[in-house]
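The values are calculated or read from the model by the stated rules, or taken from the named source; none is laboratory data. Computed from a predicted model, the values in this text were never measured in an experiment. Methodologically, a virtual Cβ is constructed for each residue, glycine included, from the backbone with ideal geometry; neighbour enumeration extends over all protein chains shown.
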Amino acid sequence: MDASSDDAFDDAAARRLLEVGKREEELREEFRVDGPEWERMSVSQYTAYAAMIHEEGGWRQLFPAVPFEEEARLDLGAVLRARGAHAGEFAGRFGRAADAVERGEDQVIIAEDVFRMVRVEQTVIMTSHGPQTPRAGDREFPDELDERPGAGD
């Protein structure tokens, strides 16, 4: 068998893998996701931006919150233009509304729908082991705040 064969044992590669494995174990210990010290260390709050629509008596978020207001305005503009593509005689109104939102308008109304730029206050809980991971009791948008008919059924 030739020593350069693909089946040959690579001693240097094996040592590198062992070193990587050791470092991974050290990091697992340093950044545990469970353990006795999950007390709240600090809360870091920040503002993100999204858009909501009021339809049929309730508010609904149109897309996940993004870190920059300008990005959220462009996203809402894209939503309005996409709706306008299928809106027949209202197409022009959707296009003008998209332009207005992108220029800084916080709310536009088209027929029965109210579109609004919104601030979303988000929180990161930092513990002695880093940012807190998801918990079984975590919930998305609270059902009791969802005003849409039939929501939460």
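For region 105-128, the criterion of a residue being in contact with a strand residue (DSSP E or B) (Cβ under 7 Å, 6 or more places away or on another chain), hydroxyl-bearing (Ser, Thr, Tyr), at pLDDT 90 or above and under 30 Å from Glu30 (Cα atoms) is satisfied by no position.
The residues of region 113-129 that are surrounded by fewer than 11 Cβ atoms within 10 Å (Cβ to Cβ) and of a type outside the set (D, E, K, R) amount to a single one, Thr123. Looking only at residues in region 103-139 that are assigned to a strand (DSSP E or B), in contact (Cβ under 8 Å) with a residue 60 or more places away in the chain and β-branched (Val, Ile, Thr), the one that is farthest from Trp59 (Cα to Cα) is Thr127.
Does region 65-84 contain at least one residue that is within 16 Å of Glu105 (Cβ to Cβ), surrounded by 12 or more Cβ atoms within 10 Å (Cβ to Cβ) and β-branched (Val, Ile, Thr)? Checked against the condition, which is being within 16 Å of Glu105 (Cβ to Cβ), surrounded by 12 or more Cβ atoms within 10 Å (Cβ to Cβ) and β-branched (Val, Ile, Thr), region 65-84 yields at least one hit.
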